[in-house]
Every structure is written in C-alpha cells, then in structure tokens.
C-alpha cells in the first residue's frame, strides 16, 4: 500500500530495562512507515521522561500516564495525533489501557496474553468490534516467513488430513528463584497479581497454542494438563505438560518449561498428516523441513523463488535474498507491517489487501485466554479431559 505519510505511533510501557518494548520499537520502524512520536513509558514519570529523551521525542508528548496520553492526543489535530498505540506493559494492565485507548479513537497493538482472564478478554473483544478500530496482538512467531509457508502448505492440503501436532517451548532462565534477586523481568512474570493466574503457561504456552491454530486452522477442543511450580515458593507455574485434542480429531502434545536448564527459546512444532509431515524450529527459523513417506526430506529455505510460488504471504514476509538470515525482530516487523497497512486502509476508508490482514487480533487473544483457563482448570480437576471454553 502506498504511504500517504508515516503512521504516528505511541507506546505505553517499554521504559528503562524493558526488553520487549525496545524490540517493538525497532520492529515498528524497520520498514520506514511508522514514526514513534509519543509515549508513556513508565509509571515513574522520571523514567518515562528518560526514555522520551533517548528517543528524541518532544517533551510535551512524553506523558505521565496512559490516561493523559489518550486524552491529550485526542485533542490534537488529526494529522498530528498518534494513529495507534503499542501496549507493552505487564499483563494485568493490558485490558484497562486498551479499553481507554479504544475509547479515545486509537488503534491498538497489544502484547500477549491479551488480558489476565477470560471475562476481560470477552469484554475487550466486544469493545474492539464496536469501536471499528484495528486491534493487533503481538504473537510474533506468526510473522516468520517459513511459518507462513507451513500454514499455506497445511491449509492447501499438502499434508493431507492432520493427525498429530507436537509443540514445545522449553526455556531455562527461571530455573532458579530469579525473582528474589530483583530482576524486573522475573518479578512481574512470577507475580499472579501482574501476570494473571498463569506463569510459563501465559508467557510462552500461549505462543504454542496460537502457533498450532495459526498453521493448521484447527481449534483445540480438549486438554488434559499437568502443571507444576518447581521452584520453591513460586506462586505461578514454571512447567506444563498437556495432551491436546483438536476439532478434526487430531491429537496433540504440548511441553513448555522455564526451568529446563540450558534451553533458550526453543519453540518448535511438528505436524503430521496422512500424506506428509513438517517441522519448524524458531532457533533455526529460515528452514522448513517437509517429510514424505518414502522419499527424502525436503528443506525449504527462506527467500527462494520456490517459496514465493507456494506462499505469497511468505514472500511478503521476506526482506532479504536467500542465504542472508532473518529472525526475531524481522518477525515482529512483519506483524507490524501488516497491522500498519490495515490501519492505513482504515484511515483511507478502503478495504485492506488480504495479505495485510495476516496478523493476530482480538479473536486470537480470546482463544489464548480460553486456553490458559482451560489448562488451569484441567490441572486442578480429577477428570482426564477438560473441554475448552467457547
């Protein structure tokens, strides 16, 4: 889509010491169509102002609260005010911030999980639908080109009928009580008042749920879960193992952990069909492995013309020629690019290109919260299977 001007972006959260906020900023600016012009980067005004100075923002547009941001930006002339706001705060504040921003007429990009419970997720979904605003949810793994190729191959029937889906996401960074050392990243993730009832399940488990449903188009219908808090005194889960059932009768296995020593961000997926199978690993994201019953393993490599022929979405998500690795920040940028093009279409009153609509949204956020609450309910229950809420 041709740019009539750069989109004006603000951010809530992402102040000093915040990892994911800086990733969002770098990704949003990667294609040159988004300019960061305002923000409330911390509840501490001094820290918010410090971040504003580092970003070379007008001091008058570095705000002390998200409420102030929403109100003062709303008063500016349309061509000056922000077009959308990225919400990169801890989980407990996603809902009130998004609600306020939508009410002020702003589009929203939100970190996952979308809320801290299903009730909030349902209400936010209603607010997004009634507002007519664009709402994006940052499940960044959907932004990888080879994930998009996998989706188009699965949904195009290359694998045949899907029988089994295996998911993993092991990390090791919380194998010790890091929250007791003052680590900001560990503190809020292990505090149920800020993270919600789930720990690892909400932080990384929802990525697996989203990835499986994004690629296959199949919804999880039942779970049988075993969750654990291995670190003594930790109030949320740091490890989970689940059996899954999908709506077409496919079966699944999910393993997530944040106490798996030596693991970094080893999210991976295996999908087995009646004709072929495939596997993808986030730590080696430029390759998709496809296997036949009686033939060699085919390795699809990002950036090649044969990938573009199979998946226009994968081609759109590739910035560099083959052999030049693309990764984590580029995947974020792909989500931002599609979200931004959809916002531009909304500004122009036109229908966005189908490929631009390829980003997670409020419905995906509700699915994530339903998954979390179902897994928690299953872990507490003596029943073998717990039906996914709808």
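Where a number appears in this text, it was derived from the coordinates with a stated rule and is not lab data. Since we're looking at a predicted model, the values are computed, not measured. All Cβ positions, glycine included, derive from the backbone under ideal geometry; neighbour counts span all protein chains shown.
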Legend entry - the chain: most fluctuating residue of 161, 79, 50 per GNM, C-alpha cutoff 10 Å: 79
Legend entry - Volume of the Cα convex hull of the chain, divided per residue and given in Å³: 142 Å³
Inset, instruction - Let me have the relative contact order for region 88-210, percent, based on Cα pairs under 8 Å that are six or more residues apart. - result: 28 percent
Inset, instruction - Please find, in a Gaussian network model of the chain (springs between Cα atoms separated by less than 10 Å), the residue of 18, 317, 198 whose mean-square fluctuation is greatest. - result: 18
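Can you put 259, 165 in order of Cβ neighbours within 10 angstrom, beginning with the fewest?
Working: 259 20, 165 26.
Taking fewest neighbouring Cβ atoms as first place, the list is 259, 165.
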Inset, instruction - Mind jotting down the distance between the C-alpha centroids of region 115-185 and region 194-260, whole Å? - result: 11 Å
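Divide, for region 316-355, the radius of gyration over alpha carbons by 2.2 N^0.38 Å, where N is the residue count. Intermediate values should be presented prior to the final figure.
On the way: Rg = 12.5 Å, N = 40, 2.2 N^0.38 = 8.9 Å.
Relative to the 2.2 N^0.38 Å estimate, region 316-355 comes out at 1.40.
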Legend entry - Residue exposure sequence - 276, 67 - by fewest surrounding Cβ within 10 Å: 67, 276
Inset, instruction - Counting helices only, and only those DSSP H runs with n ≥ 4, report the 222 nm mean residue ellipticity of the chain as the sum of -39,500 (n - 2.57) divided by its residues, in deg cm²/dmol to the nearest 500. - result: -10500 deg cm²/dmol
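So for the chain: antiparallel DSSP bridges make up what percent, rounded to the nearest 5?
On the way: 35 of 61 bridges.
Bridges in the chain are about 55 percent antiparallel.
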Legend entry - Percent of Cα-Cα distances greater than 18 Å, calculated over region 208-335: 65 percent
Legend entry - Gain on full stretching of the segment that runs from residue 235 to residue 161 - 0.36 nm per residue minus C-alpha separation: 22.6 nm
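Quick one: pull the percentage of alpha-carbon pairs in region 12-91 with a separation above 15 Å. Please list the in-between numbers first.
Numbers: 1698 of 3160 pairs.
Percentage above 15 Å: 54.
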Legend entry - Cα-based Rg of region 343-388 normalised by 2.2 N^0.38 Å, two decimals: 1.88
Inset, instruction - Grab the eigenvalues of the alpha-carbon gyration tensor for region 152-246, scale each by 5, take roots, and send me the semi-axes largest first in whole angstrom. - result: 32, 13, 11
Inset, instruction - Treat each spin label as a single point 7 Å out from the Cα along the C-beta direction, and report the residue 301 to residue 183 distance in nm. - result: 3.6 nm
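Where Rh is the Kirkwood radius over the Cα pairs of region 279-390, the temperature 4 °C and the viscosity 1.567 mPa s, what D in µm²/s does Stokes-Einstein return? Each step should come with its number before you reach the end.
Numbers: Rh = 17.3 Å.
D, rounded to a whole number, is 75 µm²/s.
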Inset, instruction - Would you mind telling me which residue in 133, 275, 112 has the biggest mean-square fluctuation in a Gaussian network model of the chain, where springs connect alpha carbons within a distance under 10 angstrom? - result: 275
Inset, instruction - Consider just the alpha-carbon atoms of region 47-185 and return their Rg together with their Dmax, both in angstrom. - result: 19.5, 57
Legend entry - region 271-312 versus region 52-86: alpha-carbon centroid distance in Å: 44 Å
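What number, in percent, do you get for the relative contact order of the chain if the mean sequence gap of Cα pairs under 8 Å and at least 6 apart is divided by its residue count?
Values: 839 pairs, mean separation 73.7, N = 390.
Over the chain, the number comes to 19 percent.
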Inset, instruction - Could you work out the relative contact order of region 236-310, using alpha carbon pairs under 8 angstrom and six or more residues apart, expressed as a whole percent? - result: 16 percent
